[in-house]
Amino acid sequence: MKGLRVPGFDDIAKALKYIIDLSLGSGAVSGALVPVRGPEGSFPWILASDTAPLEGAEPLPPVMPVQGARALASFTQDPPEGKVLAVMRPCEARASIEVAKLQQSDLDGTILLTMDCPGVVPLADLSSDDSLEPDPGDPASLRPLCRQCTQFTAAGDISVARSGEGIYLLPLTEKGRLFAKELGFTGGETELPEWRARTDALIKQREEAALESHRSIRLEAQGLEGLAAFFSGCVGCRSCRTVCPVCYCRLCFIDMKDRRSSAADHLARSASAGAARLVTDTLLFHIGRMSHMSLSCVSCGMCEDACPSDIPVGRLMSMVSVGTSQLFGYSAGASPDDPLPLTVFEPEELHEYED
Amino acid sequence: MAQERTGVFVCSCGPNIGDRLDIERVASRALEMEGVVLAETYGLLCSPKGKAYLEERIRESGLDRVVVAACSPREHESTFMAVCESAGLNPFMMEMANIREQVAWVTPDPDEATGKAIRLVRAAVRRIRRHSPLRKTTILCDPEVIVIGGGMAGMTASLLLAEAGRRVTLVERKRTLGGSASERGEPDVGELMEKVLESKEITVILGAEPLSAAGFFGNFIIGLGDEHEEVRAGSLILATGCITGDKGEALPSPGFDELASMLRVSTGTDGFPSRKHPSLAPFSTPIDGIHLAGCARGPCSPRDAVRRAEAAVGAVLATLVPGREVETEPRTSVISATLCRGCRMCMEVCAYGAISFSEEEKTCSVNAVLCKGCGNCAAACPSGAVRSLHFTPDQIRSQMAGALS
């Protein structure tokens, strides 16, 4: 991977703000989607069409209260007039691409600008201590899925990275290359040895953390009994579904009328087993969510952050997602061109599941 | 739920089922199931006597639902549906339990087989409680014909059809008629061209080729790109000719592969289309209403090309009789506009081009005439917005509950 030097900067957040200002100021884009510092330690997304409101821009807030893909998809069902620069973390960019592939947004006029992501701290932690900052070198400071994230860099159309003392732009798509050119970054691309070495080492460390996490979650949620115990604290608030950047049905299968059984069916079940647990849909909801969403899951960790019962629901989904993604050789949000696995018919596949 | 009157008929299928499991026990257990007012066994229900008996029992006992525990529905579903229809019962109020292929022939232990048959009957009885009548509709066949390819075979076929009083649309992708015959300077081509261009029954469209195809026998819709209006017809004749490959071998015309797959016509290893039957229907493809003229079927002499065109026209005239009606499939899919998020996964998996997307509403909808009720869309829809009539979640769930309880 090669990069274009952004002269005069040694800090990713400052370089990002400079690039946002430059793009709006030069007219390269007509709007920029970026988080800003709001009241009471909040970090809302804004769509700025002028540089003035960007005084308080925080392209790397310490938390992720709203997944960027959700913010972007909320206004891009049809492509915007003119170009929009969406400044977001790699997992948010990947979710945005996945959402576009599911036809819920149109990224034609959008440039996805990402960065080396340090991760975020859990929302709940920040509400008790608002001085917290994520430290990629200290896993304990991060939300659990950030601790095992290996795709923290180089996503979307163009990405900002630090190598040694310098800040660089990494164009990743044709759109990203054109954008860099339009902003005047026309110098030669250079190798980034320090960035490469640091990134590779962190990926390796994170891969090990992911393996360990998958192993322990698998053990904990083993079988129907294990899964029932795993979700025993679920209060059924469906927050995990609400905050998911990819979940998009108008009416969730779990809320559909014809899924409900009659009183007679419940009584028959109770009669045959002695008793029937109510409410009946906790496991069905979570298993259904895993079956519906695991192929599109970008492991951002929103669901786990939102869970009021501290159930490691994101780590479970991520573990399942790794399995299903490998099965179909698919990586959610990696490329707009890879077809969604469920739309492709392969005459020969999945023989390993035959008896 | 109102009091149902379900009748269960357990077929012995000669010795096929009766010798392998206790059908009397299956019937007596069926009588205890919800909504069942009658359950009996019969020797061979698909025989003329059996069918007459079934019809009589449905009438006599005022049944509003029928479960036939017998062979695979692939074998006799339509038989028993027809019996219901003549007994005045909506044919979709009949459900089969396959206790031959799925039980008698594969489960050696008679006790186990009997138990399994009871489960399958219970599944069918539970399912049919959730059935509702579906109405068949018919649509009129369009007597017009589209001929694709304006060479000698295509022109001959068009003229013969015009003589028989049919309206024909002749589509040729080159700017002139004549095809390879005129390149070779065949003597009769010029005269044919003149006749075709003079005919009031024939509309010639030059410089165009089919880019989209939808529909089926009686009602095909062929799109020729933005510059032309869609063409509708009841049958198609493919007169697309062939070419000589690098090694001297005969190959279908360039682009034939795309055309064939668009029309869902299968092709052999040589690339030429399969035929409905090698000797009984050699000038028709396996797809109803699509016929072959000239070298589209494989290389032949100019004289044979004309003969094949005559044969293809014969096949059209024999099947596409003016005033003929075809039944549409009542077991179609419907899409709830409220639930649809417009992700279009259903369109990817629909093999019949039956689903369209509205840019304005951002939702998909099913054309009930084109839909064959395969259910692919219902399986693919991530939002549960597609409902397959006759395979509703409620019906499937009741069936599973019956099999598992």
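Quick notes on this one:
- The one condition in (1) over 30 Å from A:Ile167 (Cβ atoms); (2) open to solvent by less than 90 Å² (accessible area, probe 1.4 Å); (3) more than 13 Å from chain B (Cβ to nearest Cβ) that A:Gly188 fails to fulfil: (1)
- Scanning the stretch B:383-393 for residues that are within 26 Å of the chain's Cα centre (by Cα) and touching a residue at least 12 places away in the same chain (Cβ under 8 Å) turns up B:Gly384, B:Ala385, B:Val386, B:Arg387, B:Ser388, B:Leu389, B:His390, B:Phe391, B:Thr392.
- Count - residues of the stretch B:314-343 that are hydroxyl-bearing (Ser, Thr, Tyr), more than 30 Å from A:Cys247 (Cβ to Cβ) and open to solvent by 20 Å² or more (accessible area, probe 1.4 Å): 1
- Here the condition is being open to solvent by 50 Å² or more (accessible area, probe 1.4 Å) and either assigned to a loop (DSSP other than H, G, I, E, B) or touching a residue at least 12 places away in the same chain (Cβ under 8 Å) (or both); of B:Leu38, B:Leu63, B:Leu44, it holds for B:Leu44 alone.
- Taking the criterion of being in a helix (DSSP H, G or I), in contact with a strand residue (DSSP E or B) (Cβ under 6 Å, 6 or more places away or on another chain) and open to solvent by less than 60 Å² (accessible area, probe 1.4 Å), the only residue of the stretch B:344-362 that qualifies is B:Cys346.
- Verdict on B:Pro282 being surrounded by 12 or more Cβ atoms within 10 Å (Cβ to Cβ) and without any contact (Cβ under 8 Å) to a residue 40 or more places away in the chain: yes
- Top-ranked residue of the stretch A:307-322 - restricted to ones that are in a helix (DSSP H, G or I) and open to solvent by 30 Å² or more (accessible area, probe 1.4 Å), ranked as farthest from A:Gly119 (Cα to Cα): A:Val320
- When each of B:Ala403, B:Ala368, B:Ala311, B:Ala305 is tested for being buried (at least 16 other Cβ atoms within 10 Å of the Cβ), among the aliphatic types (A, V, I, L, M), under 21 Å from the mean Cα position of the chain (by Cα) and away from chain A (no Cβ under 14 Å), the lone residue that passes is B:Ala368.
- Subset tally (residues that are over 25 Å from the mean Cα position of the chain (by Cα) and surrounded by fewer than 19 Cβ atoms within 10 Å (Cβ to Cβ)) for the stretch B:219-243: 6
- Among the candidates B:Asp270, B:Asp246, B:Asp288, B:Asp257, the residue that is surrounded by fewer than 21 Cβ atoms within 10 Å (Cβ to Cβ), free of Cβ contacts under 8 Å to residues at least 24 places away in the same chain and either assigned to a loop (DSSP other than H, G, I, E, B) or not assigned by TED's automatic domain parsing to the domain that holds B:Ser158 (or both) is uniquely B:Asp246.
- Selection count where residues are surrounded by 15 or more Cβ atoms within 10 Å (Cβ to Cβ), free of Cβ contacts under 8 Å to residues at least 40 places away in the same chain and assigned to a helix (DSSP H, G or I), scope the stretch B:162-194: 3
- Only one of the numbered conditions (1) assigned to a loop (DSSP other than H, G, I, E, B); (2) under 30 Å from B:Ile335 (Cα atoms); (3) among the small types (Gly, Ala, Ser) is not met by A:Ser299, and that is (2).
- Counting only helices (runs of 4 or more DSSP H) that sit wholly inside the stretch A:204-288, those with at least 1 residues that are in contact (Cβ under 8 Å) with a residue 24 or more places away in the chain, more than 11 Å from chain B (Cβ to nearest Cβ) and in contact with a Ser or Thr (Cβ under 9 Å, 6 or more places away or on another chain) are A:223-230.
The values are calculated or read from the model by the stated rules, or taken from the named source; none is laboratory data. Just so you know, these numbers come straight off a predicted model, no measurement behind them. Cβ coordinates were reconstructed from backbone atoms using ideal geometry, including for glycine residues, and neighbour counts include every protein chain displayed. Just the protein is used for accessible areas: all its heavy atoms, side chains included, with ligands, DNA and RNA removed. Shrake-Rupley method; radii C 1.70, N 1.55, O 1.52, S 1.80 Å.
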